[in-house]
Amino acid sequence: MQIPNDKIDDATLKAIGRDVVRLLCAGEVDALADRYGYAVELGRGTATGIRDDLAECLGQVGAISLVSNLEFDCEVKFFAPNSSNLLAIVECVVPALNGGDILIEIAVTSDGSNRHATLEQISAVN
């Protein structure tokens, strides 16, 4: 998702994190894939990669779904200029139904003139 250049701040990036999690919790994986992509789709197709990795992570924590009605917070980590053009990472820890947690990471990058938010990774928190 392209982000306006003047909107790279903590509040905007946390709102993007909440949007990613909302779509994931609502089962709107196709919309999530279309809007944010998936950095580790690994040739599976974007939506399929998201579904597969979420299912694997839920299995690792012994859950069948995320809890969609709980409050959660997103943490934003900003980076100094670097050769990978990584501006920030948004990390959201989302509870699963059994009390385990799933980490959702969104990378914010720049190609010099445009800034983008991409779903980077879904992983189980151990």
Considering each of Asn5, Asn85 in turn, give the residue that is touching a Ser or Thr at 6+ places or on another chain (Cβ under 6 Å) and either modelled with pLDDT under 95 or within 18 Å of Asn126 (Cα to Cα) (or both).
Asn85
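Per-residue answers, yes or no, for (1) outside any loop (DSSP other than H, G, I, E, B); (2) open to solvent by 20 Å² or more (accessible area, probe 1.4 Å):
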| residue | (1), (2) |
| --- | --- |
| Thr12 | yes, yes |
| Ala31 | yes, yes |
| Glu41 | no, yes |
| Gly49 | yes, no |
| Asp52 | yes, yes |
| Ala55 | yes, yes |
| Glu71 | no, yes |
Of the candidates Glu56, Glu28, Glu41, the one satisfying the condition of being more than 22 Å from Pro4 (Cα to Cα), modelled with pLDDT under 95 and among the charged types (D, E, K, R) is Glu41
Test: Leu103 is open to solvent by less than 40 Å² (accessible area, probe 1.4 Å), outside any loop (DSSP other than H, G, I, E, B), farther than 21 Å from Ile3 by Cα and free of Cβ contacts under 8 Å to residues at least 60 places away in the same chain:
yes
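The values are calculated or read from the model by the stated rules, or taken from the named source; none is laboratory data. All figures in this text were calculated on a predicted structure; none of them were measured in a lab. Cβ atoms come from the backbone with ideal geometry, glycine included; neighbour counts cover every protein chain shown. Quick note on the areas: whole protein, heavy atoms, side chains included, nothing else; ligands and nucleic acids left out. Shrake-Rupley method; radii C 1.70, N 1.55, O 1.52, S 1.80 Å.
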